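J.: Mind looking over this structure? Questions follow.
The values are calculated or read from the model by the stated rules, or taken from the named source; none is laboratory data. This is a predicted model, so every value here is computed, not measured. Cβ: placed from backbone, ideal geometry, glycine included. Neighbour counts: every protein chain shown. Accessible surface is based on the protein model in full, side chains and every heavy atom, while ligands, DNA and RNA are left aside. Shrake-Rupley method; radii C 1.70, N 1.55, O 1.52, S 1.80 Å.
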Amino acid sequence: MPKVTIDRACSHLADASDEYICLTNGDPGPVDMGAWIIRNVLGRSYNFPPGFTLPAGQTVKVHTGTGTDSPTDLHWGYRVNPAWEKSDKLTLHNQEDVEVFVSTP
């Protein structure tokens, strides 16, 4: 199973000006994250775009606000900003909806 983790130290939660979650690939190879999902206990979820690949050792920021996607920054454009609370339990699910990482405060 790929070793992609949510990096809370890098993440900027509960900030309406520029909220984002950092995910880091700890695998020795790239990970296809197309259709992966980040969820919180309220049911808010971000779906990674089809074809998104996170290179080995790299970090991507998933921004709650709008913007132009790049290999290092993805944008959700969610209607509620901020969408995540600092106290949120965040889970990461792969294409088969298997929980691959849990991040608790």
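J.: Provide the gained length on full extension for the span Val102 to Ala14, in nm with one decimal, where the gain is 0.36 nm per separating residue minus the Cα-Cα distance.
T.: Numbers: separation 88, 0.36 × 88 = 31.68 nm, distance 1.82 nm.
Computed gain between Val102 and Ala14 is 29.9 nm.
J.: Keeping every protein chain in place, order Thr59, Thr5 by accessible area at 1.4 Å, biggest value first, i.e. largest first.
T.: On the way: Thr59 50, Thr5 30 Å².
Heavy-atom accessible area, descending, gives Thr59, Thr5.
J.: Please identify the trypsin sites (Lys or Arg not before Pro) of segment 58-93 that satisfy two criteria: DSSP loop assignment and at most 16 other Cβ atoms within 10 Å. Which are they?
T.: Numbers: sites: Lys61, Arg79, Lys86, Lys89; in loops: Arg79, Lys86, Lys89.
Sparse-neighbourhood loop trypsin sites (Lys or Arg not before Pro): Arg79, Lys86, Lys89.
J.: Just the number, please: carbon plus sulfur as a percent of the accessible area of segment 1-89, 1.4 Å probe, no ligands or DNA/RNA counted.
T.: Details: 2310 of 4490 Å².
Solvent-exposed carbon and sulfur of segment 1-89 make up 51 percent of the total.
J.: OK, next. Can you work out the PRE-style zone for Lys86? Point 7 Å along Cα to Cβ, and I want the residues of segment 12-31 with backbone N under 11 Å.
T.: Counting backbone N atoms under 11 Å from the label point, the list is 13-15.
J.: Follow-up. What is the antiparallel percent of DSSP beta bridges lying wholly in the chain, to the nearest 5? The partial results should precede the final answer.
T.: Details: 23 of 26 bridges.
Restricted to the chain, the bridges split so that about 90 percent are antiparallel.
J.: Only sites in a loop by DSSP and with at most 11 other Cβ atoms within 10 Å count here; which GluC sites (Glu not before Pro) in segment 7-105 make the cut? Mind dumping the intermediate values first?
T.: Details: sites: Glu19, Glu85, Glu96, Glu99; in loops: Glu19, Glu85, Glu96.
Here the sparse-neighbourhood loop sites are Glu96.
J.: Among Trp76, Thr24, Val100, whose Cα lies farthest out toward the positive end of the dipole of segment 11-105, if unit charges sit on the beta carbon of Lys, Arg (+1) and Asp, Glu (-1)?
T.: Highest projection toward the positive end goes to Trp76.
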